Amino acid sequence: MREVRNIVILTGAGASAESGIDTFRAAGGLWEQHRVEDVATPEAFARDPELVLRFYDMRRAAIQEKQPNAAHFALARLDREWDGELLIVTQNVDDLHERAGARRVLHMHGEHLNAWCTYCDVRSRWRGPLIERPACPECGARALRPDVVWFGEMPYRMNEIYAALRQADLFVSIGTSGAVYPAAGFVRDARELGARTLELNLERSQGSAWFDESRIGPAGELVPAWVEEVLGG
Ligand code: OAD
């Protein structure tokens with residue numbers, strides 16, 4: 001087995017579940033409470049912007065009440081102490097990785113705490129609501145939308161992600177169902193490019209067969225134990 005120098009981690013909603021943020025596809029999860037087509041597509045925003053903005057305003061307010069959990073803190077520790085390459089690609093739009101102290105984080109599905117001006121294309125840090133159509137701090141246009149990737153839109157920074165996957169010796173997937181592409185395909189890409197692949201999840205993900213190893217359990221326990229192993233071993 002080749003020596004591990006470069007690690008790429010993919011996190012999903014399961015990494016934030018123990019912080020009290022709903023996952024998407026669990027029974028009672030977010031996509032059972034709300035139809036994707038109503039709140040998470042560009043068509044929905046064009047049709048009923050108030051509904052979409054209200055939904056994201058609620059989510060933006062909710063995440064600011066939550067705290068990072070043991071999985072976030074363990075990944076932040078890895079980021080601090082691992083002197084090889086590391087990229088934490090997250091599908092999560094909360095800021096709990098950063099609040100735990102992680103720096104090498106890439107938000108491929110955007111961030112709740114950013115507003116994107118569709119007029120001047122500038123993203124501004126944003127904590128309050130958007131429902132009243134506030135002016136863009138850059139250009140003044142009332143054209144701010146949540147900076148969250150909707151279904152039918154391209155995830156962010158894919159070139160950087162694939163460049164990291166090409167260099168990876170180890171790919172680790174944490175708390176994601178493997179239901180949404182392109183993230184769900186990273187394990188195959190990493191594997192075909194020669195990386196070892198590990199999943200840490202509460203249950204086997206849809207792409208479980210592509211992982212060399214699956215550890216089943218809560219991220220709050222599995223991730224600190226794995227980080228200890230990597231840094232200690
Ligand atoms: P899902 O809700 O699809 O999957 C969450 C995964 O986390 C499931 O496999 C759960 O078993 C697992 N899980 C739950 N609690 C856990 C815990 N405490 N520890 C470890 N694992 C746990 O969420 P994602 O895979 O993140 O996209 O969903 C991917 C994308 O679909 C999201 O980024 C979002 C959504 O639609 C957009 O909004 C663009």
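The values are calculated or read from the model by the stated rules, or taken from the named source; none is laboratory data. Computed from a predicted structure; not experimentally measured. Here the Cβ is made from the backbone with ideal geometry for all residues, glycine too, and neighbour counts use every protein chain on show. Accessible surface areas use protein heavy atoms only, side chains included; no ligands, DNA or RNA. Shrake-Rupley method; radii C 1.70, N 1.55, O 1.52, S 1.80 Å.
Computed with a 1.4 Å probe over protein heavy atoms only, the accessible surface of the range 154-233 comes to 48 Å² per residue. Here's how it looks for residue 173: its modeled amide H is under 5 Å from those of 10, 198, 199, 200, which are all 5 or more places away or on a different chain. Of 12, 159, 23, whose Cα points farthest to the positive end of the dipole of the chain (charges on the beta-carbon: +1 Lys, Arg; -1 Asp, Glu; origin at the Cα centre)? Value: 159.
How much of the accessible area of the chain, probe 1.4 Å, is carbon plus sulfur, in whole percent? Don't skip to the end; give the middle numbers.
Values: 5560 of 11130 Å².
Whole-percent figure for carbon plus sulfur exposure: 50.
Average accessible surface for the range 93-147: 46 Å² per residue, computed with a 1.4 Å probe over protein heavy atoms with every protein chain in place. For the range 114-211, relative contact order (Cα pairs under 8 Å, six or more residues apart, normalised by length) works out to 20 percent. Remark on residue 110: its backbone amide H falls under 5 Å from those of 149, 156, a criterion applied only to residues 5 or more positions apart or on other chains, H modelled at 1.01 Å from N. Near residue 214: Cβ cut-off under 10 Å, other residues only, Lys/Arg at +1 and Asp/Glu at -1. The net charge is -2. Computed over the chain, the per-residue total of -39500 (n - 2.57) for DSSP H runs of n ≥ 4 gives a 222 nm mean residue ellipticity of -9500 deg cm²/dmol, rounded to 500.
With θ taken as phi - 60° and the Karplus curve 6.51 cos²θ - 1.76 cosθ + 1.60 applied, the whole-hertz 3J(HN,Hα) list for the range 19-36 is 8, x, 9, 4, 7, 8, 10, 5, 4, x, x, 4, 7, 8, 7, 9, 7, 3 Hz, x standing for glycine and proline. Heavy atoms of the protein chains alone define the surface here; on that basis the range 1-85 has 52 Å² accessible area per residue at 1.4 Å probe size. Angle check, please: helix 49-63 long axis (alpha carbons) against the longest principal axis of the chain (alpha carbons), in degrees 0 to 90, nearest 10. That works out to roughly 50 degrees. Under a 5 Å amide H cut-off, with hydrogens placed 1.01 Å from N, residue 5 pairs with 169 among residues at least 5 apart or on other chains.
Listed values for the range 104-119 are Karplus-derived 3J(HN,Hα) couplings in whole Hz (6.51 cos²θ - 1.76 cosθ + 1.60, θ = phi - 60°), namely 8, 10, 10, 8, 6, 9, x, 9, 4, 8, 10, 10, 10, 8, 7, 8, and x replaces Gly and Pro. Spatially, the range 166-224 and the range 87-127 are offset by 22 Å when compared through their Cα centroids. Near residue 151: Cβ cut-off under 12 Å, other residues only, Lys/Arg at +1 and Asp/Glu at -1. The net charge is -3.
Roughly how many debye, to the nearest 20, is the charge dipole of the range 1-78 about its Cα centre, given +1 on each Lys and Arg Cβ, -1 on each Asp and Glu Cβ, and no other charges?
With only Lys, Arg, Asp and Glu charged at Cβ, the dipole is about 440 debye.
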